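A.B. asks: Got a structure for you, questions after.
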Amino acid sequence: QDREVSVVEAAPKKLYINGQWRDASGGATLEVHDPSTGEVLCSVADATEEDGWEALRAAEAAQESFAAMPPRKRADILMKAFELMHERKDDLALLMTLEMGKPLAEAYGEVNYAAEFFRHFAEEATRISGNYQTAPAGNARFIVAKQPVGPSILITPWNFPLAMGTRKLGPAIAAGCTSVLKPAELTPLSMLALAQLLEDAGVPAGVVNIVVTSTAGKVMEPLIRSGIARKLSFTGSTGVGKKLLEQCADKVMRTSMELGGNASFVVFEDADLDKAVEGAMQAKMRNSGEACTAANRIFVHESVISEFSEKLAARMGELQVGRGVAEGTTVGPMVDAKQRDKVAELVDDAVKSGAEVVLGGEPAAGEGFFYKPTVLKGVPREARMWREEIFGPVAPVTPFTDEGEVIKWVNSTEYGLVNYVFTENLNRALRVAEAVESGMVGINQGVVSNPAAPFGGVKESGLGREGGDIGIDEFLESKYIGIAVN
Ligand code: ADP
């Protein structure tokens, strides 16, 4: 209890602009809540449009000198930040759990995952390279140089408050881009603590600016439309992403968009069922289901669906719902009342259209925004949760009969982020992996997030990739220099 109070007290609560910690112009603040109790944790500065402009001007002013910083120095800063994240993991994890709700063990996992983006991109920073080529006609040479795209606007969601920030800041810093980052207003403390850490790691003033605001649309739109920033990297809902793409069109900005998902989890009759159940637990219950990679539709071959559902319900029944900081908790609260009510609405809709409740099926009583781990069987294809992201601890299981049919169902969504396939047949695994429309596929594994791999979606799940050896390209331009040769 004392630790909870002291870690919140010690957390930075101001805007971080041009290397300075500042109140919002006008002095407004917004409240941050603990979703496991609904109580106010603290208040933080609530930026106005003017603050947004100052942050963008600071990023603009710092761009030239930061781009000229030797790559090795940028790499050293990122490596230092990686080390500091490990040194401060206890505070970072606790702060994250308090403002977001996830179980403390998962918060530690996220600190580790988030830090890996800094290490990965520290390694990439010194490997940025171009090309030298003879023109096909022999009369010229081509040099292709990679240059930072320029000041960038980064907008992140509340479900992974640290990792979604480091996944953008890592490549931006490695590439030599300055930035204005706007974290989700529900979970600003993690990002403010990270800003403090980046300052301590040696990030120069103006290179990273953090703007927390309760009026995201009003503050960010003029900044995006100004064209001063050359790049927008966004992680969030498809609806907001589309709106932002429109705003970016004005000045033809580069964009990276990590949007919603509607992942299928397919269990074939030749799968190792125990492995499949464990995979489903990860794909479904990581972050209490509040992940764009979460298994939203679980298709199980009709010959094994009874056994699979029983095993899954048994594992789901073992989960312990509670405050993320409490010993033994494996499922935390939903991030707010709105999110919990949305989950309840989707479950009620599925049940009304004929789904059978195997486990859970209702919000938990008492304070906080909890929803019980839920398994639904026989969810009809017209249920809303078939098309909409559940973003909660609800596993809808439904039967299928053959491969061709299930691939059609998997692809019958406007989303295309990730799909999971469980089978012991290698030919089938590859065939299905190639046929499904998604940026990522997990074969016999329920997690695909890895800083060393390119994360991203197709269709309305987004544009671009974060991480992997191509992640840094999102923040680089290729400049072709042609040289005439006599
Ligand atoms: P979620 O459904 O996960 O809350 P959102 O897309 O609403 O996803 O939020 C993701 C991020 O986008 C958050 O930081 C949020 O504040 C921000 N955001 C929401 N609306 C806008 C907007 N109109 N302009 C800029 N940012 C926005």
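The values are calculated or read from the model by the stated rules, or taken from the named source; none is laboratory data. None of the values given here were measured: they were computed from a predicted structure. Because the Cβ atoms are built from the backbone with ideal geometry, glycine has one as well, and the counts that use them run over all protein chains shown.
A.B. asks: If you go through region 394-427, how many residues are assigned to a helix (DSSP H, G or I) and surrounded by 15 or more Cβ atoms within 10 Å (Cβ to Cβ)?
C.D. replies: Looking only at region 394-427, we keep the residues that are assigned to a helix (DSSP H, G or I), and these are 403-411, 426-427.
The next check asks that each one be surrounded by 15 or more Cβ atoms within 10 Å (Cβ to Cβ); those that pass are 403, 406-407, 409-411.
Of the residues in region 394-427, 6 are assigned to a helix (DSSP H, G or I) and surrounded by 15 or more Cβ atoms within 10 Å (Cβ to Cβ).
A.B. asks: Can you list residue pairs whose Cβ atoms sit under 6 Å apart, with the first residue in region 362-385 being over 22 Å from residue 311 (Cβ atoms) and the second being of a type in the set (Phe, Trp, Tyr) and surrounded by 15 or more Cβ atoms within 10 Å (Cβ to Cβ)? Count only pairs 6 or more apart in sequence or on different chains.
C.D. replies: Listed pairs, sorted by first residue: 363/371; 364/370.
A.B. asks: Which pairs have Cβ atoms under 6 Å, sit 6 or more apart or on different chains, and link a residue in region 313-327 that is free of Cβ contacts under 8 Å to residues at least 12 places away in the same chain to one that is outside any helix (DSSP H, G or I)?
C.D. replies: Hits for this filter: 320/328; 320/329; 320/330.
A.B. asks: A follow-up question, please. For region 155-171, how many residues meet the condition of being among the β-branched types (Val, Ile, Thr) and within 14 Å of the ligand (Cβ to nearest atom)? Steps first, please.
C.D. replies: The first filter runs over region 155-171 and keeps only residues among the β-branched types (Val, Ile, Thr), leaving 155-156, 166.
Adding the requirement that they be within 14 Å of the ligand (Cβ to nearest atom) leaves 155-156.
Residues meeting the conditions: 2.
A.B. asks: Tell me, yes or no, whether region 472-479 has at least one residue that is part of a loop (DSSP other than H, G, I, E, B) and surrounded by fewer than 17 Cβ atoms within 10 Å (Cβ to Cβ).
C.D. replies: To start, the set of residues in region 472-479 that are part of a loop (DSSP other than H, G, I, E, B) comprises none.
Taking every residue of region 472-479 in turn, none turns out to be part of a loop (DSSP other than H, G, I, E, B) and surrounded by fewer than 17 Cβ atoms within 10 Å (Cβ to Cβ).
A.B. asks: Please find, among 276, 294, 280, 271, the residue that is more than 15 Å from residue 422 (Cβ to Cβ), of a type outside the set (Phe, Trp, Tyr) and out of contact with any Asp or Glu (no Cβ under 6 Å at 6 or more places or on another chain). Walk me through how you get there before you give the answer.
C.D. replies: Details: 276 fails: more than 15 Å from residue 422 (Cβ to Cβ); 280 fails: more than 15 Å from residue 422 (Cβ to Cβ); 271 fails: more than 15 Å from residue 422 (Cβ to Cβ).
When all the criteria are applied, what remains is 294.
A.B. asks: I've got another one for you. Residue check, residue 239 against (1) assigned to a loop (DSSP other than H, G, I, E, B); (2) free of Cβ contacts under 8 Å to residues at least 60 places away in the same chain, all met but one. Which one?
C.D. replies: The one condition residue 239 does not meet is (1).
A.B. asks: Looking for whichever is in contact with a helix residue (DSSP H, G or I) (Cβ under 7 Å, 6 or more places away or on another chain), not hydroxyl-bearing (Ser, Thr, Tyr) and not in a helix (DSSP H, G or I) here; the options are 300, 277. Which one fits? Spell out the reasoning first.
C.D. replies: Details: 277 fails: not in a helix (DSSP H, G or I).
Being in contact with a helix residue (DSSP H, G or I) (Cβ under 7 Å, 6 or more places away or on another chain), not hydroxyl-bearing (Ser, Thr, Tyr) and not in a helix (DSSP H, G or I) holds for just one of 300, 277, which is 300.
A.B. asks: If you take the residues of region 213-247 that are away from the ligand (no atom under 11 Å from the Cβ) and in contact with a Leu (Cβ under 6 Å, 6 or more places away or on another chain), which of them is farthest from residue 391 (Cα to Cα)?
C.D. replies: 228
A.B. asks: Please pick out the residue among 357, 343 that is more than 15 Å from residue 266 (Cα to Cα) and assigned to a strand (DSSP E or B). Let's see the steps before the verdict.
C.D. replies: On the way: 343 fails: assigned to a strand (DSSP E or B).
When all the criteria are applied, what remains is 357.
A.B. asks: Tell me yes or no: at least one residue of region 323-335 is of a type in the set (A, V, I, L, M) and more than 30 Å from residue 39 (Cβ to Cβ). Let's see the steps before the verdict.
C.D. replies: As a first pass, look at region 323-335 and keep what is of a type in the set (A, V, I, L, M): 325-326, 331, 334-335.
Checking which are more than 30 Å from residue 39 (Cβ to Cβ) leaves us with none.
Within region 323-335 (the criterion being of a type in the set (A, V, I, L, M) and more than 30 Å from residue 39 (Cβ to Cβ)), the answer is no, since none of the residues qualifies.
A.B. asks: Here is a further query. Scan region 397-413 and tell me whether some residue there is of a type in the set (A, V, I, L, M, F, W, C) and within 16 Å of the chain's Cα centre (by Cα).
C.D. replies: Restricting attention to region 397-413, the residues satisfying the condition of being of a type in the set (A, V, I, L, M, F, W, C) are 397, 400, 406-407, 409-410.
If we keep only those that are within 16 Å of the chain's Cα centre (by Cα) as well, we get none.
Checked against the condition, which is being of a type in the set (A, V, I, L, M, F, W, C) and within 16 Å of the chain's Cα centre (by Cα), region 397-413 yields no hits at all.
A.B. asks: Another question, if that's okay. For residue 152, indicate whether it is buried (at least 24 other Cβ atoms within 10 Å of the Cβ), under 17 Å from the mean Cα position of the chain (by Cα) and within 16 Å of the ligand (Cβ to nearest atom). Even if it seems obvious, please write down each step before you answer.
C.D. replies: Values: buried (at least 24 other Cβ atoms within 10 Å of the Cβ): yes; under 17 Å from the mean Cα position of the chain (by Cα): no; within 16 Å of the ligand (Cβ to nearest atom): yes.
No; evaluated as a whole, the condition is false for this residue.
A.B. asks: Filter region 368-382 down to residues that are modelled with pLDDT under 95 and part of a loop (DSSP other than H, G, I, E, B) and give me whichever is nearest to residue 35 (Cα to Cα). Let's see the steps before the verdict.
C.D. replies: Keep residues of region 368-382 that are modelled with pLDDT under 95, which gives 377-382.
Still in the list and also part of a loop (DSSP other than H, G, I, E, B): 378-382.
Working: 378: 31, 379: 29, 380: 32, 381: 32, 382: 32 Å.
Per the criteria, the residue is 379.
A.B. asks: Something else: Across region 172-203, what is the number of residues that are within 16 Å of the ligand (Cβ to nearest atom) and either out of contact with any Cys (no Cβ under 8 Å at 6 or more places or on another chain) or not in a helix (DSSP H, G or I) (or both)?
C.D. replies: The initial filter retains those residues of region 172-203 that are within 16 Å of the ligand (Cβ to nearest atom), namely 179-192, 194-195.
Now drop any that are not either out of contact with any Cys (no Cβ under 8 Å at 6 or more places or on another chain) or not in a helix (DSSP H, G or I) (or both), which leaves 179-188, 190-192, 194-195.
Qualifying residue count for the region: 15.
A.B. asks: Mind counting the residues in region 101-128 that are assigned to a loop (DSSP other than H, G, I, E, B) and touching an Asp or Glu at 6+ places or on another chain (Cβ under 9 Å)? Working first, answer last.
C.D. replies: Taking region 101-128 first, the residues assigned to a loop (DSSP other than H, G, I, E, B) are 101-103, 126-128.
Now drop any that are not touching an Asp or Glu at 6+ places or on another chain (Cβ under 9 Å), which leaves 101-102, 127.
Counting residues in region 101-128 that are assigned to a loop (DSSP other than H, G, I, E, B) and touching an Asp or Glu at 6+ places or on another chain (Cβ under 9 Å) gives 3.
A.B. asks: With the structure loaded, tell me whether residue 403 is touching a residue at least 40 places away in the same chain (Cβ under 8 Å) and not aliphatic (A, V, I, L, M) or whether it fails that test.
C.D. replies: Numbers: touching a residue at least 40 places away in the same chain (Cβ under 8 Å): yes; not aliphatic (A, V, I, L, M): yes.
Yes.
A.B. asks: Right, residue 141: touching a residue at least 12 places away in the same chain (Cβ under 8 Å), more than 30 Å from residue 480 (Cβ to Cβ) and surrounded by fewer than 23 Cβ atoms within 10 Å (Cβ to Cβ) or not? Reasoning before the result, please.
C.D. replies: On the way: touching a residue at least 12 places away in the same chain (Cβ under 8 Å): yes; more than 30 Å from residue 480 (Cβ to Cβ): no; surrounded by fewer than 23 Cβ atoms within 10 Å (Cβ to Cβ): yes.
Answer is no for this residue.
A.B. asks: Which of the residues that make up region 35-86 are among the polar types (S, T, N, Q) and under 18 Å from residue 210 (Cα atoms)? Write out each step before concluding.
C.D. replies: In the first step, residues of region 35-86 are kept if they are among the polar types (S, T, N, Q); the result is 36-37, 43, 48, 63, 65.
Residues satisfying the conditions are 43, 48, 63.
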